[in-house]
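The values are calculated or read from the model by the stated rules, or taken from the named source; none is laboratory data. All values reported here derive from a predicted model rather than from experimental measurement. Backbone-built Cβ (ideal geometry, glycine too); neighbour counts: all protein chains shown.
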Amino acid sequence: MNLQEKIEKDFLVAYKAKEEVRVAVLRMLKTAAKNRQVELLRPLTDEEMLEVIARQVKQRQESIVSFRQAGRNEMADREEAEMAELMGYLPTQLTAEETSAAVDAAIAETGATSVKQMGMVMQAVMGKHKGRIDGKAVGEMVKARLSA
């Protein structure tokens, strides 16, 4: 069973169980996936579906920050609950230690010595750990290591 089929099945189970938040999240996710499918003019692969989910998670993270700054804690809490539902479909994220080791390995592999070569290192890390690693954290680590 591919990821889209699993999401569809989970949606039906949540709908029948009247799980309000989960139904809303999965409905939005299915819509985002359908929009991406229309853009590509073909069915999505599991990797592309993971990208759609990651994009949805990132939107939730940005919304949480905005809501907290505006003092709308109830909305931020709802976004956090939605983000938790979405995270269940993503592969487990690398820990800080694993991310650090991946950055070190990529720097050694590419032979990068200056910040000008940051893109090369980023590409190596993100390519090997697609969907399992936070690009922002990697960028900060790479920049810190190459500027030292």
Exercise. Sort out which residues of the range 62-97 are surrounded by fewer than 14 Cβ atoms within 10 Å (Cβ to Cβ), within 28 Å of Lys128 (Cα to Cα) and among the acidic types (Asp, Glu), and write them in order of number.
Key: Glu62, Glu97
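Looking only at the range 67-110, which residues are of a type in the set (Val, Ile, Thr), more than 12 Å from the chain's Cα centre (by Cα) and under 30 Å from Ile7 (Cα atoms)?
Residues satisfying the conditions are Thr95, Thr99.
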Exercise. Select from the range 20-59 the residues that are over 23 Å from Met126 (Cα atoms), surrounded by 16 or more Cβ atoms within 10 Å (Cβ to Cβ) and charged (D, E, K, R) and list them in ascending order.
Key: Arg22
Practice problem: Out of Asp104, Asp46, Asp77, report the one residue that is in the same structural domain as Lys130 (by TED's automatic domain parsing) and either among the charged types (D, E, K, R) or free of Cβ contacts under 8 Å to residues at least 60 places away in the same chain (or both). | Solution: Asp104
Quiz item: Restricting attention to the range 44-55, does a residue exist that is under 16 Å from Gly131 (Cβ atoms), assigned to a loop (DSSP other than H, G, I, E, B) and of a type in the set (A, V, I, L, M, F, W, C)?
Solution: yes
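So, Met118, is that one under 28 Å from Val138 (Cβ atoms) and not assigned by TED's automatic domain parsing to the domain that holds Gly131 or not?
So Met118 fails the test.
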